[in-house]
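This report refers to the structure that appears directly beneath it.
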Amino acid sequence: EPEVTQTPSHQVTQMGQEVILRCVPISNHLYFYWYRQILGQKVEFLVSFYNNEISEKSEIFDDQFSVERPDGSNFTLKIRSTKLEDSAMYFCASREGSGSAQVLAEAFFGQGTRLTVV
Amino acid sequence: QKEVEQNSGPLSVPEGAIASLNCTYSDRGSQSFFWYRQYSGKSPELIMSIYSNGDKEDGRFTAQLNKASQYVSLLIRDSQPSDSATYLCAVNRRRALTFGSGTRLQVQP
């Protein structure tokens, strides 16, 4: 069964360092997302990506964050200068559908990357 | 007012009983509604989607939607200890899902 895969599963980084989290969405999906979940808190939307550009972002997704689809399969989240409060589980998700159909499509999540900033 | 509200629980039910999980949402323009299950330290796993008022059944799970009351629920019949997890309600109006904080379900053997 197709699945969203994320690497690495766990990343430890020093405050101020750059990290890149990687995701391979399901192959026929068109919409890609990053969410994060701070320990004990709810899943929060960061950014959505469609047709090689950001389609929506939350207030959390500030200038230190960027996303990219460098090739036909990978989807990455870069955090330029990590802070202690960036420590969280980061989930990538993907959905089928285009245009208005996207809102009805089911989103499937990867297993997550646990980011620890020390 | 929170966009998606769920009782945090824990909701404790005996094995074999029906577990009833509830969710309310604030945005009347929401178009699609999802239930996810999340085990501790794991990612959300899709259980059900529902788009129209009424009930939708899939195996032991039944999702119910009432758009007039802005209410979504999930019933789990014949609850098993393996159903013990946090259940996340997610609502979609624009491009992304908005999640509730989840209800922790404990099924007692």
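Derivation of every value follows stated rules applied to the coordinates shown; laboratory data play no part. This structure is a prediction, so every number in the text was calculated from the model and none was measured. Note that we place each Cβ from the backbone using ideal geometry, even for glycine, and neighbour counts take in every protein chain shown.
Sum up the charges of everything whose Cβ sits under 15 Å from the Cβ of residue A:2, counting Lys and Arg as +1 and Asp and Glu as -1, but leave residue A:2 out. Walk me through the numbers on the way to the answer.
Details: positive: A:95; negative: A:1, A:3, A:96, A:106, B:45.
Taking every Cβ under 15 Å from that of residue A:2, the sum is -4.
One quarter of the convex hull surface, Cα atoms only: what value does that give for chain A in nm²? It would help to have the intermediate numbers written out before the result.
Details: hull surface 28.7 nm².
Result: 7.2 nm².
Let me have the relative contact order for chain A, percent, based on Cα pairs under 8 Å that are six or more residues apart. Walk me through the intermediate numbers first.
Values: 285 pairs, mean separation 44.3, N = 118.
Contact order relative to length: 38 percent.
Residues in region B:51-82 near a label at residue B:28, defined as backbone nitrogen under 19 Å from the 7 Å Cα→Cβ point?
In region B:51-82, the label zone of residue B:28 (backbone N under 19 Å from the point 7 Å along Cα→Cβ) covers B:52-54, B:65-72.
Tally Lys and Arg at +1 and Asp and Glu at -1 over the other residues with C-beta under 15 Å from the C-beta of residue A:15: what net charge comes out?
Numbers: positive: A:80, A:83; negative: A:18, A:85, A:86.
Net local charge, residue A:15 excluded: -1.
In the structure shown, do any of A:57/B:67; A:42/B:42; B:2/B:67; A:57/A:78 have a Cα-Cα gap over 24 Å, and if so which? Before the final figure, lay out the partial values.
Working: A:57/B:67 26 Å; A:42/B:42 13 Å; B:2/B:67 17 Å; A:57/A:78 14 Å.
Check vs 24 Å cut-off fails for A:57/B:67.
What distance in nm lies between label points placed 7 Å from Cα along the C-beta direction at residue B:40 and residue B:8?
1.6 nm
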